[in-house]
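The values are calculated or read from the model by the stated rules, or taken from the named source; none is laboratory data. Nothing here was measured: the structure is a model prediction, and the numbers come from that model. Cβ sites come from the backbone with ideal geometry, for glycine too, and all protein chains shown count toward neighbours. Heavy atoms of the whole protein, side chains included, go into the accessibility calculation; ligands, DNA and RNA do not. Shrake-Rupley method; radii C 1.70, N 1.55, O 1.52, S 1.80 Å.
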Amino acid sequence: MFKVFVDGQEGTTGLQIYDRLAKRNDVEVLRIDPELRKDVNERQKLINASDVTFLCLPDAAAKESAALCTNPNTVVIDASTAHRVNPDWTYGMPELSAEQRAAIAKAKRIANPGCHATGFILGVHPLIASGVIARNANLAAYSITGYSGGGKKLIAEYESAENMSHAAGESLGIMAPAPYALALSHKHIPEMKKYCELENTPFFNPVLGPYYKGMAVTVAIFGNMLTRNVGPQGLTEILAEHYKDSKFVKVMPFESGDSLLNNRLNPTVCNDTNNARVQVFGNENMMQVTTIIDNLGKGASGAAIQNMNIALGLDEGISL
């Protein structure tokens, strides 16, 4: 029986992790008294008593909690941004390579990827690794995401009685897609650049959608960016080869309509799963690679559980 502690159990990701752990009979969840959830000594005791601790905290608090762990056998999985490009932590995306999966299996400090970064890296990394896109390419991407990724405060804003009761046709600003992070310095960009091994920082524009969850991350690719003459079918084949043994990443056939709703891209098709759908659209001159995930699943709690399973030597799909 593995002992698991969630530090930051009241947040969206923490609650989702609890839901997934509740399906299992091989873990004992260590629970903290709500009145002691900010007590350093109590948290330290539970962290060091666990086989796995999930940090579902703001960055500064995650760094503080990580420092509390002195048990050399405890695996710490951080869902915050704090350690994602820290060389002392292992990046928790096993689909990068067989070597990355092996590193996660041995790691005691695992940084869970960001949701936007997950979509970007899954779509771009194999194309860089294959050499079909050069490392010095200037890439541009946008991502449409449900509002749940913003946490409790943003969820409450979108789900207020006033906003939820509007009539069809009313032009409430909150019900329109809203680009944000307009200083072009979104906190997921450093991991996008590092784990795709890009020389140049990608242009990234996230867009907040008026729906609960589901994410579609799209990267623009022009024919003159490619190092050899491959069109959308060729890019699809490169991606499919990279993910052929992946349990959770599925590359859709070129021109497949399975990710579409009335000929429009549906960012919710992977909701309530740990799956990712990667698909190429376009023509020989202009293409896009789009990755669809559940921003609370493969983009957060699902990936965290997957990393836990790998680190504990279990089937990575348990409770996913």
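Gap in Å between the Cα centre of region 188-220 and the Cα centre of region 242-276? Rounded to whole Å, the Cα centres lie 17 Å apart. With contributions of -39500 (n - 2.57) from each DSSP H run of at least four residues, the per-residue ellipticity at 222 nm computed over the chain stands at -8500 deg cm²/dmol. From the alpha carbon centroid of region 17-53 to that of region 85-116 is 22 Å. Derived scalar couplings between HN and Hα for region 230-243 equal 10, x, x, 5, x, 5, 4, 5, 5, 5, 5, 5, 5, 9 Hz in order, rounded to whole Hz, by the Karplus curve 6.51 cos²θ - 1.76 cosθ + 1.60 (θ = phi - 60°), x for Gly and Pro. Only protein heavy atoms count here; on that basis, with a 1.4 Å probe, residue 142 has an accessible area of about 110 Å². Take region 190-281 with all the other protein chains still there, run a 1.4 Å probe, and you get 48 Å² of accessible area per residue.
Quick check for me: using +1 on Lys/Arg Cβ and -1 on Asp/Glu Cβ, what's the dipole size of the chain about its Cα centre, in debye to the nearest 20?
Dipole of the chain, to the nearest 20 debye: 400 debye.
Of the GluC sites (Glu not before Pro) found in region 1-53, the ones in coil according to DSSP and having at most 14 other Cβ atoms within 10 Å of their Cβ are 10. Of the solvent-accessible surface of the chain, computed with a 1.4 Å probe over protein heavy atoms with every protein chain present, carbon and sulfur atoms account for 51 percent.
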